Amino acid sequence: MIKIQYEGKEIPYTLERSRIKNLYIYIKNGEVIIKAPHKLSNEKIQEFVNKKSKWIYNGLSKSCERVKKEKEEKIEKTDVDRLAKIVKENIDKYSKILNVSPKKVRIKELKYAWGSCSSNKNISINLKLATKDENAIKYVVLHEMCHLIYMNHSKSFWNLVEKNMPKYKEYKKLLA
């Protein structure tokens, strides 16, 4: 293991040699990997790495933050089971109240929303809701169920949400 010096800190890196023409620096899962041509001397590699030490340090910091955040966001199976139970109970409840039913209900990772309802009447619920308050989950389910009637966010849509969950604005805030 070779090390980079940056502002008094030592940053370890792994050197991999291969049949390539240029030097490459990779930062993956909090680890620095340098790929170098077989014929390039260790001195030239170290010189290159030293020139890039600030970039490496910044990239490593971002990578470590990302890895830490992913670990914090890991969802336990018990949370997923709880989410599935709440979603099912509320889909059943609002199917009877609203007199509509989705074709499919899926719990999966969604990047930009807590839930979605397709024009094909399929509802997707974000897996990340597993760690949220039960009332917030109920709100998302109701919101998507109301989209089975109104495929927009019109006044009629919000009136329907409020009629079935008068405190929805309070529960919506729990998602922030």
For Lys44, which lysines qualify as cross-link partners when the Cα separation must be under 27 Å and same-chain residues fewer than eight apart are set aside? Lys3, Lys9, Lys21, Lys28, Lys35, Lys52, Lys54, Lys62
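Compute the FRET efficiency between Glu65 and Glu162 as 1/(1 + (r/R0)^6), taking r as their Cβ-Cβ distance and R0 = 30 Å, and round to the nearest 0.05.
Working: r = 39 Å, r/R0 = 1.31.
The formula returns an efficiency of 0.15 here.
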Normalised by the residues of the chain, what does the relative contact order come to in percent, with Cα pairs under 8 Å and at least six apart? 14
By how many degrees, 0 to 90 and rounded to 10, does the Cα axis of helix 53-72 deviate from the longest principal axis of the chain? 30
Give the angle, between 0 and 90 degrees and rounded to the nearest 10, that separates the Cα long axis of helix 42-51 from the longest principal axis of the Cα atoms of the chain. 50
Quick one: what are the phi-derived ³J(HN,Hα) couplings along region 153-169, Karplus 6.51/-1.76/1.60 with θ = phi - 60°, whole Hz, x for glycine and proline? 10, 6, 4, 4, 4, 5, 4, 5, 4, 5, 4, 8, 8, x, 9, 4, 5
Angle in degrees between helix 134-146 and the longest Cα principal axis of the chain, rounded to the nearest 10: 70
3J(HN,Hα) from dihedral phi, region 107-123, Karplus parametrisation 6.51/-1.76/1.60, rounded to Hz, x for glycine, proline: 10, 7, 6, 10, 7, 10, 8, 7, x, 8, 9, 7, 5, 7, 6, 9, 10
Answer with a single label: of (1) 15.8; (2) 16.8; (3) 20.0, which was calculated as Kirkwood radius over Cα pairs in Å from the structure in view? (3)
Simple spin-label estimate for Ser118/Arg19, 7 Å along Cα→Cβ, in nm, reads 4.6
Can you tell me the FRET efficiency between Glu89 and Lys155 if r is taken as the Cβ-Cβ distance and R0 is 35 Å, rounded to the nearest 0.05? 0.80
Would you mind calculating the gained length between Lys173 and Lys3 on full extension (0.36 nm times residue separation, minus the Cα-Cα distance), in nm to one decimal? 56.5 nm
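Where does the charge balance sit around Glu89 when Lys and Arg score +1, Asp and Glu -1, over other residues with C-beta under 14 Å from its C-beta? Intermediate values should be presented prior to the final figure.
Working: positive: Arg82, Lys85, Lys88, Lys93, Lys96, Lys138; negative: Asp81, Asp92, Glu134.
Once all neighbours under 14 Å are counted, the net charge is +3.
Readers should treat all values here as calculations from the given coordinates under stated rules, not as data from a laboratory. Owing to the predicted nature of the structure, the values given are computational and were not obtained by experimental measurement. Ideal geometry is used to build each Cβ from the backbone, glycine not excepted, and the neighbour counts take in all protein chains shown.
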